[in-house]
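First up is the structure itself, then whatever we jot down about it.
The values are calculated or read from the model by the stated rules, or taken from the named source; none is laboratory data. Everything numeric here is computed off the predicted structure, so don't read it as measured data. No Cβ is skipped: glycine too gets one built from the backbone with ideal geometry, and neighbour counts run over all protein chains shown.
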Amino acid sequence: MKTIEVSTHTGRLDKVVSEIEPTISRSRAKKLIDDGDITVNGEVKKPKYPVEIGDKISISNPEPQAINLEPENIPLDIVYEDDDVIVVNKPQGMVVHPSAGHPNHTLVNALLFHSPLSTINGEYRPGIVHRIDKDTSGLLMVAKNDAAHKFLSAQLKKQKNLRRYVALVHGRITENSGVVNAPIGRSLNDRKKQAVIIDGRPAVTHFEVLERFQQYTLVSCRLETGRTHQIRVHMKYIEHPIVGDPLYGPRKTIKGNGQFLHAQELGFEHPTTHELMTFSAPIPPIFEKVLTNLRLTQPLKS
């Protein structure tokens with residue numbers, strides 16, 4: 001840990017850090033700030049915090065873990081594949097791409113063993129157009145070449161893709177459908193979490209009730225935007241957190257392998273044929289088992 005009292009530099013925190021510590025780039029400074037490794041006067045701030053003379057900036061700059069991205073012969077559930085795209089059904093518990101905490105055994109390692117991938121996202125995220133959380137199961141589209149990656153990414157940016165999830169949430173939702181329109185950004189209280197905050201990025205989730213139980217509701221959620229942890233944060237925001245969610249849900253919950261959230265439907269325009277394609281993946285066995293049990297033990301009384 002290194003602490004510096006500011007004597008000459010002012011302005012945005014990420015910019016000031018990169019100026020007083022030349023070995024730390026501005027992008028690296030932003031990540032360290034977001035991760036809580038840089039504080040001002042003992043408090044976690046945002047990258048845009050205006051530094052003033054006299055502020056004490058404490059910097060903990062952990063050494064990044066080396067990652068050697070190697071193809072791994074891991075079985076894949078491929079729903080569709082051609083020369084441009086792969087649609088894969090990711091199992092719950094698998095990380096999408098390598099990171100400091102997960103250097104191998106990821107979906108990317110498995111995909112590299114199977115096929116060449118696009119290079120748009122750099123060394124550690126080849127082919128990855130969009131992500132789902134480690135403990136969320138379901139469908140992902142993967143680009144096999146750069147042209148396909150650019151085309152699919154543009155669709156995402158224009159919100160033209162279909163991404164529909166099924167989730168089991170706590171409590172009984174009385175409305176048959178609804179829209180959660182609430183901006184999401186990094187939590188001010190816990191830097192590992194996202195939260196609904198005033199100056200967050202726009203986030204919109206459409207939900208529809210599929211089935212009700214005495215203490216739970218099965219919902220379909222369609223993403224209009226794609227923020228980190230969006231459905232998990234939005235369902236907590238409306239006081240119906242996802243069952244089994246270790247970050248945003250209550251401690252007393254149905255046990256499983258993480259949150260009961262499954263990316264069930266995926267649709268996009270094909271980058272070469274321009275055909276509108278839609279795919280679906282069945283709910284994982286553990287999810288289906290819980291629903292079967294709820295139908296037996298928590299049926300709604302007529």
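For segment 7-24, the set of residues classified as over 22 Å from G185 (Cβ atoms) and either out of contact with any Pro (no Cβ under 9 Å at 6 or more places or on another chain) or assigned by TED's automatic domain parsing to the domain that holds G185 (or both) consists of S7, T8, H9, E19, I20, E21, P22, T23, I24, listed by residue number.
Among the residues of segment 94-108, those identified as surrounded by fewer than 22 Cβ atoms within 10 Å (Cβ to Cβ) and more than 14 Å from the chain's Cα centre (by Cα) are A100, G101, H102, P103, N104, H105. Every test in (1) in contact with a helix residue (DSSP H, G or I) (Cβ under 6 Å, 6 or more places away or on another chain); (2) closer than 28 Å to P103 by Cα is passed by Y49 save one, and that test is (2).
Would you check if L117 is more than 20 Å from R232 (Cα to Cα), touching a Gly at 6+ places or on another chain (Cβ under 9 Å) and assigned to a helix (DSSP H, G or I)?
no
If only residues of segment 135-159 that are surrounded by fewer than 16 Cβ atoms within 10 Å (Cβ to Cβ) and either within 18 Å of the chain's Cα centre (by Cα) or polar (S, T, N, Q) (or both) are counted, the one that is nearest to F268 (Cα to Cα) is Q159.
Here R131 meets each of (1) assigned to a strand (DSSP E or B); (2) closer than 17 Å to L76 by Cβ with one exception, condition (1). On inspection, T10 does not qualify as over 29 Å from G200 (Cα atoms) and hydroxyl-bearing (S, T, Y). For first residues located in segment 61-76 and over 19 Å from L112 (Cα atoms), partners that are surrounded by 10 or more Cβ atoms within 10 Å (Cβ to Cβ) and at pLDDT below 90 and lie 6+ apart or on another chain with Cβ distances below 6 Å form the pairs Q65/A100. Of the numbered criteria (1) free of Cβ contacts under 8 Å to residues at least 24 places away in the same chain; (2) touching a helix residue (DSSP H, G or I) at 6+ places or on another chain (Cβ under 6 Å); (3) aliphatic (A, V, I, L, M), the one L296 fails is (2). The lone criterion from (1) over 30 Å from E269 (Cβ atoms); (2) loosely packed, with under 15 Cβ neighbours inside 10 Å left unmet by I78 is number (1).
Would you confirm, using the coordinates I've provided, whether A182 is in the same structural domain as P241 (by TED's automatic domain parsing) and not hydroxyl-bearing (S, T, Y)? Let's see the steps before the verdict.
Values: in the same structural domain as P241 (by TED's automatic domain parsing): yes; not hydroxyl-bearing (S, T, Y): yes.
Spelling it out, A182 is indeed in the same structural domain as P241 (by TED's automatic domain parsing) and not hydroxyl-bearing (S, T, Y).
Look at segment 262-288 and say how many of its residues are farther than 23 Å from S153 by Cβ and either buried (at least 21 other Cβ atoms within 10 Å of the Cβ) or aliphatic (A, V, I, L, M) (or both). Count: 4.
Of the residues screened, E288 is not one that is among the charged types (D, E, K, R), outside any helix (DSSP H, G or I) and at pLDDT 95 or above.
Residue count for segment 143-157 satisfying the condition of being closer than 17 Å to Q230 by Cβ and among the basic types (K, R): 1. Taking the criterion of being surrounded by fewer than 18 Cβ atoms within 10 Å (Cβ to Cβ) and part of a helix (DSSP H, G or I), the only residue of segment 219-255 that qualifies is Y237.
In the condition set (1) touching a residue at least 60 places away in the same chain (Cβ under 8 Å); (2) buried (at least 17 other Cβ atoms within 10 Å of the Cβ); (3) within 23 Å of the chain's Cα centre (by Cα); (4) over 30 Å from N145 (Cβ atoms), L291 is compliant with all but (3).
Only residues that are at pLDDT below 90, over 18 Å from K192 (Cα atoms) and not aliphatic (A, V, I, L, M) were counted across segment 43-70, and they come to 4.
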